[in-house]
Amino acid sequence: MVRAVETDLGAVVDALRSNPEFRHFTMTPLVGRDDKTTIFQNVFGDKVTSLTMQVLRLMIERGREADLESVHAEFVKLRRSEDGIVFATVTSREPLTPEQKVALVEKVELRIKKKIEPEFVTDVRVIGGVKVAYDNYVLDGTVRGSIGKLREKLRYELLKQS
């Protein structure tokens, strides 16, 4: 059920992001709650589950339309938690090929012994390699990360000799 509500709220959030007029209508306090509920029922009533429609009605009744995106994000977190999936941000300088993405995901999943849901990001500040951030951990396979590890190892060796 969590997945269904997440998917439904994702569609609503996508509609808000892609249609400025709909976003304005939804967020403006000038439109009454009853009118908003009616429009949401007409637009989404046959496209979303009854539970999602109840959530939408309740949010509109309580004047919480601005929280739709954050509620959707919480449902994403709930689904991941329920399915034992970890969200990971994979950062590289250049976009990875589909083959590289698959290989990287498999390698990370093997290492952390959990399924991951990756978001691939490019960052021109990355000199080379890939950095994977998940939960409170970072797997840094970038050139900068390798140089930093080498620096720390040299410091340790120098301090050990003193």
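Figures for the structure shown
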{"quantity": "Eligible aspartates and glutamates near Lys153 by straight Cα distance, threshold 17 Å, same-chain separation 8 or greater", "calculated": "Asp140"}
{"quantity": "Net charge dipole size for the stretch 89-161 [Lys, Arg +1 and Asp, Glu -1 on Cβ; Debye, nearest 20]", "calculated": "380 debye"}
{"quantity": "Rounded D (µm²/s) - the chain, Kirkwood Rh over Cα pairs, Stokes-Einstein at 4 °C, 1.567 mPa s", "calculated": "68 µm²/s"}
{"quantity": "Estimated vicinal HN-Hα couplings, Hz - the stretch 96-108 in sequence order (Karplus 6.51, -1.76, 1.60; Gly, Pro = x)", "calculated": "7, 6, x, 5, 5, 4, 4, 4, 5, 4, 4, 5, 5"}
{"quantity": "The stretch 75-137, Cα convex hull volume normalised per residue, Å³", "calculated": "95 Å³"}
{"quantity": "Given charges at beta-carbon only (K, R positive; D, E negative), |dipole| of the stretch 1-114 in Debye", "calculated": "420 debye"}
{"quantity": "Cα→Cβ-extended label distance, 7 Å offset, between Phe25 and Leu78, nm", "calculated": "2.7 nm"}
{"quantity": "For the chain, calculated [θ]222 nm from helices alone, where every DSSP H run of n ≥ 4 adds -39500 (n - 2.57)", "calculated": "-20000 deg cm²/dmol"}
{"quantity": "Difference of contour (0.36 nm per residue) and Cα-Cα distance, Thr7 to Glu117", "calculated": "38.1 nm"}
{"quantity": "Label zone at Val138 (point 7 Å along Cα-to-Cβ), backbone N below 18 Å, the stretch 68-103", "calculated": "87-94"}
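Taken together, the values in this text are just the output of simple stated rules run on the coordinates, not laboratory data. Being a predicted model, the structure only gives us computed values, none of them experimental. Here Cβ is always computed from backbone atoms with ideal geometry, including for glycine, and neighbour counts include all displayed protein chains.
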